[in-house]
Amino acid sequence: MPVDIHDIEAIIAAQNDWRAHCLNLIASETTQSAAVRSVQNSDFMGRYAEGHPNTETETNRYYQGTRYIDEIERMAQSELSALLGARQVDVRPISGNAANTAVALGMLRGGDSVIVNSTDAGGHISHAPIGVFGRRIQSRGMLLKAESEKGIPMHFWPLTEDHYHIDVPKAVALIEQVKPRMVVLGKSLFLFPEPVGEIAAVCRQYDIPVLFDGAHVLGLIAGGEFQQPLAEGATWLTASVHKTFPGPQRGIVAANLPPEQEKKFWQPVDRGVFPGSSSNHHLNTLPALVVATREMQAYGKEYARATIANAQAFAKALDDAGVPVEAREFGYTRSHQVAVNVSQFGGGVEAAKRLESMNIICNYNLLPGDTDPKAPSGLRLGVQEMTRFGMGPDAMGEMATLMADALKGHDVREAVIALRNRYQDLSYC
Ligand SMILES: Cc1ncc(COP(=O)(O)O)c(C=O)c1O
């Protein structure tokens, strides 16, 4: 007899209803299309497929029963390769973090040095001393601290005065001084493109590989509306496929290496993926990645362009409404994200909670200069999901007014729900 699941169904129904009546501004989330959702509930859910797809002549899997997932995995690889202009794509990492872990496991050993973005400059926790990069380069006796005498050999990119851009001349000097084993570009608070071309040119002289972590911006890259890290010289692109890329929760590693560099820069990462950071890789979600890839192939350019235009319109409207927006002198943003300083509204934690009570969902975030992760002065806002629900610059203006009013202590919950009710159908799919 089936077990009672009414309570679980009720919680799921409540979640579905709640988030359909919220303005969702978490920069790492999206709502998947009906087609992406529909292909995830299948027999693949309970199956295993370690290794690579079999071919007519080679046995690459460690289990039988994989003929159909082999087909899907090859489709995912080849369709993403075409979309991203990449010769190599590994679709097995189960998340962006697992993709980064694969590169770190494959390429780094204790004592190796790396240069990354610090967390307060927007870097992801996986790049940090306590993340996989820090832990991978730790040798016995080293503290998990960067830039300290007894710490790990991790260095942070020097920044320009505004703190939102890498200071290229100083970065070049740091690379020449440290000669790191690897450098990492890309971040979580990601407003502007990184200087991939300049950094990669110097790294090439010393045979230092460049990882570009595009977890947040993969959809903008795929849409051709953000920088193109592989064409600009990055060795690998790691990413989540569920932030600005509207797929299931998974990750990828991509590269565009000539065959003679595969041994050095692709094979170790391949082993870093399996058996490194993933074994069985949640097979039921892989067909959904192929669907999302086709959606991006068809509508990605339009979607990426609309997302960035919306972020810029939202930032301007927030600024006009009295909410200080970061990086005003650079036009606020070139991505899906907007960063606001909410110190005058009680700080990031307090402001994010107040907004949640008004059905505006976002996350608090460190801003440059913040030192205590528990007392950040900022909020990070992403417009990619509301853009998919059809909002344009005018709706961004309405959303900014409501958000500013909420931060100033007004009750805007009903007005937020009314705005969201006008945008319930997904576009670009
Ligand atoms: C820059 C960056 N890299 C990696 C990740 C991890 O991605 P995932 O949540 O898919 O593991 C994130 C998560 O937000 C991120 O911002």
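Here, each number is a calculation from the coordinates, and none is a lab measurement. Note that the structure is a prediction, hence the values are computed from the model and not measured. Quick reminder, even Gly has a Cβ in these numbers, built from the backbone with ideal geometry, and neighbours come from all protein chains shown.
Just a few scattered comments:
- A protection proxy built from the mean count of other Cβ atoms within 10 Å ranks the segments 93-99, 176-182, most packed first, as 93-99, 176-182.
- Ellipticity at 222 nm from helices only: DSSP H runs of n ≥ 4 in the chain, each -39500 (n - 2.57), divided by the residue count, give -11500 deg cm²/dmol.
- Charge dipole (debye, nearest 20) of the chain; +1 at Cβ of Lys and Arg, -1 at Cβ of Asp and Glu: 780 debye
- Cα centre as origin, Lys/Arg/Asp/Glu Cβ charges: region 173-252 dipole, Debye: 260 debye
- Take 232-238, 58-64 and order them by the average number of nearby Cβ atoms within 10 Å per residue, most first; the result is 232-238, 58-64.
- Kirkwood's formula applied to the C-alpha pairs of region 349-429 gives a hydrodynamic radius of 13.7 angstrom.
- Percent of Cα-Cα distances greater than 17 Å, calculated over region 94-143: 30 percent
- Whole-Å semi-axes of the ellipsoid equivalent to region 255-405 (Cα gyration tensor, √5λ, descending): 35, 21, 16
- Considering only Pro209, Gly233, Gly247, the residue lying farthest towards the positive end of the dipole of region 141-287 is Gly247, judged by Cα position with unit charges set on Cβ.
- Hydrodynamic radius of region 187-319 per Kirkwood, over alpha carbon pairs, in Å: 16.2 Å
- Ascending count of other beta-carbon atoms within 10 Å, so fewest first, for Trp266, Trp157: Trp266, Trp157
- For region 41-141, the Cα-based Rg and Dmax, in that order, read 17.5, 51 Å.
- Region 307-429 - charge dipole about Cα centre, Lys and Arg +1 at Cβ, Asp and Glu -1, debye rounded to 20: 180 debye
- For the peptides 210-222, 287-299, the ranking by packing is 210-222, 287-299, with the highest mean count of neighbouring Cβ atoms within 10 Å listed first.
- Per-residue Cβ neighbour rank within 10 angstrom, fewest leading, Leu105, Leu318: Leu105, Leu318
- Straight-line cross-link partners of Lys243 among the lysines, defined as a Cα under 29 Å from its Cα and at least 8 positions apart when in the same chain: Lys187, Lys301, Lys316, Lys353, Lys374.
- Alpha-carbon gyration tensor eigenvalues x 5, square-rooted, for region 139-265, Å: 25, 18, 17
- Counting beta carbons within 10 Å around each of Leu379, Leu143 and listing the fewest first gives the order Leu143, Leu379.
- Based on the Stokes-Einstein relation at 25 °C and a viscosity of 0.890 mPa s, and on the Kirkwood radius from alpha carbon pairs, region 62-202 is assigned a translational diffusion coefficient of 146 µm²/s.
- Translational diffusion of the chain, estimated by Stokes-Einstein from the Kirkwood radius over alpha carbon pairs at 37 °C in a medium of 0.692 mPa s, is 146 µm² per second.
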